[in-house]
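Structure, as structure tokens:
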Amino acid sequence: MKHSFCDDWEFTHHWTEAFGKGLPVPKQQAVRLPHTCREVPLHYATPADYEMVCGYRKRFRVPPVQAAPRLFLRFDGAAHQAVVWVNGKVAGQHRGGYTGFAVEITDLVDREGENLLTVQLDTREDPAIPPFGFVIDYLTYGGLYREVWLETSPQSRVSDLFVYTPTLTEAAVQLTVEAPEKAAALRVRLCSSAGEMLVSRQLPPAESAECRLTLPDAAPWDTEHPNLYRCIAELLDADGQVLHSRETSFGFRTAVFRADGFYLNGKKTFLRGLNRHQSYPYIGYAAPENLQRQDARILKNELHCNAVRTSHYPQSQYFLDECDRLGLLVFTELPGWQHIGDAAWKDCACAMLQEMLLQNRNHPSIILWGVRINESVDDDESYTRTNK
């Protein structure tokens, strides 16, 4: 179960040990997420306007979820290096501002009393992580600029669910399960977007499982008729009760690039699109759900595009969800622009690429993955690795 953790945060422009301990500090602000570390001017903004080591903190109590003993914090976007503490202990850290990450806090929380969550956030350009290290032709802003969630689950849980469609009537489902021995069965269901159950398969629980489900009368997903379906994976106990479930939307579609053009569902399709940055006046990256979705609607309904490129980094799930819903094709890419760094930089780029793929691969709108740094020189060894 997901609980929004967007309200009731405190923020400081200058991280201090006192702030991390929950003590009052000068000029701390009450904020909610999404949040930009500093509002920027409409004109002539520079990186100096938002580069800093800042702090966020939130006091919280654990919801009464005795049947869900495991607790996770999920950050959808933290630009650009985050260290997360819970009750004074490091819960996790993450490098890279364009992909989400999760940290488990099960053993760090007081389930009866108040807890303190603090985030030290470095928004500066660090040449050790993409896209930094040289000149960038866009501003990168900073802050906890996407949502944060508290996720609760039992010991036995479906940790990953991947659906792809090798044909227009077949769904291949791959699952990853933690503590499968605590469950009696694993059930996979395909449903309509409205929730009507269409086909179901029951499997023995295992750490990794795979099945193929056929829907002979499936309605294909395309730019004019973006038909969506739901896949629901459920772990069951001996009585058939649901212990844990995970679901995703998907579409029956095939996407192939050939020498003579792009084919969607076997039909040659001309791509007419624009590049989209996720930045806005004043608030930088910190746009809420309605603005993310509105950008997709403008591209599709007002500018009459059928494609968009997420220059030059992974973007909001809300934006991608709306592309799925509207039938707007997406070319997404890993963070970067012209510059390739050293071996450690390349390792970081590969980690970001893996996060981008795992977090976004169920979106039927995504037809092209950018696994090469935009406008970069050839690097056969590095790009053989990212292609793989």
What whole-number value in Å² describes the accessible area per residue of the range 137-232 for a 1.4 Å probe?
42 Å²
Accessible surface, the range 1-111, averaged per residue in Å² (probe 1.4 Å):
51 Å²
Arrange the residues E151, E112 by how much accessible surface each exposes, largest first, with a 1.4 angstrom probe.
E112, E151
For the chain, the percent of accessible surface on carbon and sulfur atoms (probe 1.4 angstrom, ligands and nucleic acids excluded) is 50 percent
Going by average Cβ neighbours within 10 Å, how do the peptides 275-282, 313-320, 375-382 rank, with the highest at the top?
313-320, 275-282, 375-382
Over all Cα pairs of the range 50-170, how is the pair count split among 10 Å bins, expressed in % and running from 0 up to the last occupied bin?
12, 36, 27, 17, 7, 0
Order the peptides 12-18, 334-340 from the highest to the lowest mean number of other Cβ atoms within 10 Å of their residues.
334-340, 12-18
Using each residue's phi in the range 155-166, evaluate 6.51 cos²θ - 1.76 cosθ + 1.60 at θ = phi - 60° and report the 3J(HN,Hα) Karplus result to the nearest Hz, with x for Gly and Pro.
4, 8, 8, 8, 8, 8, 9, 10, 10, 9, 10, x
Heavy-atom accessible area order for S4, S156, S249, largest first, 1.4 Å probe
S4, S249, S156
Using a 1.4 Å probe, what is the accessible area per residue for the range 293-388, in Å²?
42 Å²
How large is log10 of I(q)/I(0) for the range 203-252 at q = 0.23 Å⁻¹ when the intensity is taken from the Debye formula with one equal scatterer per alpha-carbon?
-0.96
Report relative contact order for the chain in percent, whole number only (criteria: Cα-Cα under 8 Å, sequence separation at least 6).
15 percent
Packing rank of 70-77, 113-120, 22-29, where each peptide gets the mean count of other beta carbons within 10 Å, highest leading:
70-77, 113-120, 22-29
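The values are calculated or read from the model by the stated rules, or taken from the named source; none is laboratory data. What you are looking at is a predicted structure, and each value in this text was computed from that prediction instead of being measured. Positions of Cβ are backbone-derived with ideal geometry, glycine not excepted, and every protein chain shown enters the neighbour counts. Areas reflect the complete protein model, heavy atoms only, side chains present, ligands, DNA and RNA absent. Shrake-Rupley method; radii C 1.70, N 1.55, O 1.52, S 1.80 Å.
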